[in-house]
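Peer 1: A single structure is presented below for examination.
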Amino acid sequence: MSLTLIDRTRRTGPDIDHATEQGADQDVAPEAPPAQAPDPAPRRAVGREADGLAVTSFVLGLIGLLAFNLLLGPTAIVMALLSLARRTRRPGRAYLGLALGVADLVVLAVLVTVNGTVAWNLGA
């Protein structure tokens, strides 16, 4: 919902005074409202979205160290890069999400090298 305010200032000048001197009963048409600046709400929504992406990349990177690193690592990297590109107010969390996403892929590479499989093996 938006609220539009119209500027209804009185105009004084020779053309208006001349019209009143002639006894014209017609009102002068009001000026068109000035062009309004775009609503700043989309910028705030993008900022919030970028902050959410930064936090999500951090959380997914952290969870990816324990499970699903094949899926969560690249997802954390992409979300961190998107949040940095959108100028998040939480760049520290975005960088941590990026680092954890890369760490997920390093853990995956170590597991594949040691076990020869992508699956985790926690048992004996």
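The values are calculated or read from the model by the stated rules, or taken from the named source; none is laboratory data. The shown structure was predicted, so the numbers you read here are calculated from the model rather than taken from an experiment. All Cβ positions, even for glycine, are placed from backbone atoms using ideal geometry, and neighbour counts span all protein chains on display. Just the protein is used for accessible areas: all its heavy atoms, side chains included, with ligands, DNA and RNA removed. Shrake-Rupley method; radii C 1.70, N 1.55, O 1.52, S 1.80 Å.
Peer 1: Looking only at residues that are crowded, with 17+ Cβ neighbours inside 10 Å and small (Gly, Ala, Ser) in region 50-65, which one is farthest from the chain's Cα centre (by Cα)?
Peer 2: Among residues in region 50-65 that are crowded, with 17+ Cβ neighbours inside 10 Å and small (Gly, Ala, Ser), the one farthest from the chain's Cα centre (by Cα) is Gly64.
Peer 1: Ok, one more. What is the residue count in region 49-77 for residues that are farther than 12 Å from Leu105 by Cβ and either touching a Pro at 6+ places or on another chain (Cβ under 6 Å) or among the polar types (S, T, N, Q) (or both)?
Peer 2: 2
Peer 1: Another one. If you go through region 66-82 one residue at a time, how many are outside any helix (DSSP H, G or I) and open to solvent by 50 Å² or more (accessible area, probe 1.4 Å)?
Peer 2: Matching residues across region 66-82 total 2.
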